[in-house]
Amino acid sequence: MTTTLDSTQLQAALDAVHRAGIPGIFTEVRAGDQIWCGAAGVADVATGRPVTSDMRHRVGSITKTFTAAAVLRQVDNGEIELDAPIGSYLPRLVPGDRGGAITVRMLLNHTSGLAEYLPHAYPSLAAFPNLARTTPDSLDDNRFTRFHPTELIEMGVSAPATGAPGGTPGIYSNTNYLLLCELLESVTGASAEKYITADIIERAGLRDTELPAGPHIDGPHSLHYESWFGMIEPPRDYSVFDMSWVGPAASLISTVTDLNHFFGLLLAGEIISRPALAEMQRTVPVISFEGKTLDYGLGLQTLPAPGPATFWGHDGSVWGGGAISMTSVDGTRQLSAAVNLQRWNRPAIAPQPHPIDAALQAFIHQALA
C-alpha cells in the first residue's frame, strides 16, 4: 500500500462511479494520519442537491458488526458463553433438540442452519411478491408496517433448515441476528437497541450513529433509490421506511467517518478484549444472499482488496442504500463509502455485470492500493 493519498486521482475515481450510474457516492479514506473525504453526484435527482461526505445514511448489514460486538462484550463480562446452546438462553424461541444444538457462535457466524425469514413471510413482508410482477406496490404499501422481532424469528425457525447446526458453508440469515438481539435483551434487561447504543455506539463516541426508533433519517442525508434489478424504473426513494423488518440486524444509520472510527477502535482491541477479537476473526465460508462465498467471522468478514494486505470489515444494503467499511489488519488504511442506489444489475439467470460494479472496484483499488 502507498503511504500517501492522491486526492485528484481519488476524486476522479469517485466521479467515475457517479458517471457509471450511481446518483450519489460519498466516502472517507484514511492512510495513517492522512484523511481524505470525497463525494460525487446528487442526494436528490429531482432537485440536484449534491451529496456531501458528512451525510447520515442507512448502512444495512454493517449493523451486524455492532450487534456482534455487543454480544462479545457480554462474553467478556462472563454473561454469555460463545459455545453455549441458544436454547439454554431462549428456550421458547428455539425449542427442543434444535435449541440444544445451535450455539451462540453459530448464530454469529451464520452456521446455525436457521433459514432467512424474509422469503417465508406473509405477503406484506420482504418477499414482496408484487415485485415479481414488476411493480413496487409491496414496498410502497409496507413503508410504515411495524413488525415484532419474535414474529420474524418464528418464521425463520419454522422454515426448513438450510443445513445442520455448525455445518459449512453457512447460509447468511437475518434470523440469526434477530435471535442475538433477543439474547442481549434477556441477559442485559434492556432492549438490544438501547444496549447497543449505550455500550457500543456511545462508548465509541459515535455522534452520528443510531439505531432509529422511527422510519425517518434525521439530519443531512441522501435519498435512497431502489431499482430492484430494473423492476422499479426510474428508481424510487425509500429513505423513509420502517426498519423493524430487520431491526438491529441491519437498521443502523451512520456516517462514513463514524464507520471508520468504529472499525479502527474495534480492530485495535478497544471495544472488545483481544481474546474476543480473535474469536471474531475466526472465519468460516458463508454463502451470501447473492450466492457469493464470504470469509465470515463473528459479525466481521475479510473483504477483497488490492495487494497482499488483509482488510476486515462488513458491507450492507437496505432498500435504496448501501455501504462498505474496510480496515487493514494494522489499522493504517481505512475506507468507508456509501451509495444511494441499490440492485442496479439487471437480472437474467443471475444479476448481470454493470459498469457501476467495475467503477466501484476501481475506486476501492485506488483508495487502498
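The values are calculated or read from the model by the stated rules, or taken from the named source; none is laboratory data. In this text the structure is predicted, and so the values were computed from the model without any measurement. Glycine also receives a Cβ, built like all others from the backbone with ideal geometry; neighbour counts cover every protein chain displayed.
In table form, for the structure just shown:
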read-out: Looking only at segment 29-41, and only at residues there that are touching a residue at least 40 places away in the same chain (Cβ under 8 Å) and of a type in the set (A, V, I, L, M), the one that is surrounded by the most Cβ atoms within 10 Å (Cβ to Cβ); value: V29
read-out: From I349, I324, I356, I364, residue being at pLDDT 95 or above and surrounded by fewer than 21 Cβ atoms within 10 Å (Cβ to Cβ); value: I356
read-out: Verdict on V240 being modelled with pLDDT under 95 and under 26 Å from T175 (Cα atoms); value: no
read-out: Residue selected from segment 162-189 under the condition among the small types (G, A, S) and surrounded by 15 or more Cβ atoms within 10 Å (Cβ to Cβ), by the criterion nearest to P285 (Cα to Cα); value: G170
read-out: Residue list for segment 1-48, filter: β-branched (V, I, T), under 19 Å from S239 (Cα atoms) and not in a strand (DSSP E or B); value: I22, V45, T47
read-out: Hey, V51 closer than 27 Å to Y238 by Cα, out of contact with any Leu (no Cβ under 8 Å at 6 or more places or on another chain), buried (at least 22 other Cβ atoms within 10 Å of the Cβ) and of a type in the set (A, V, I, L, M, F, W, C) or not; value: yes
read-out: Residue in segment 291-308 that is basic (K, R), part of a loop (DSSP other than H, G, I, E, B), more than 16 Å from the chain's Cα centre (by Cα) and loosely packed, with under 14 Cβ neighbours inside 10 Å present; value: no
read-out: Segment 259-276 - residue that is small (G, A, S) and in a helix (DSSP H, G or I) and, of those, nearest to A337 (Cα to Cα); value: G264
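A quick yes/no check of all residues on (1) of a type in the set (F, W, Y); (2) in contact with a strand residue (DSSP E or B) (Cβ under 6 Å, 6 or more places away or on another chain); (3) within 13 Å of M280 (Cβ to Cβ); (4) not in a loop (DSSP other than H, G, I, E, B):
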| residue | (1), (2), (3), (4) |
| --- | --- |
| K64 | no, no, yes, yes |
| T67 | no, no, yes, yes |
| V71 | no, no, yes, yes |
| D83 | no, yes, no, no |
| V94 | no, no, no, no |
| D97 | no, no, no, yes |
| G100 | no, yes, no, yes |
| G113 | no, no, no, no |
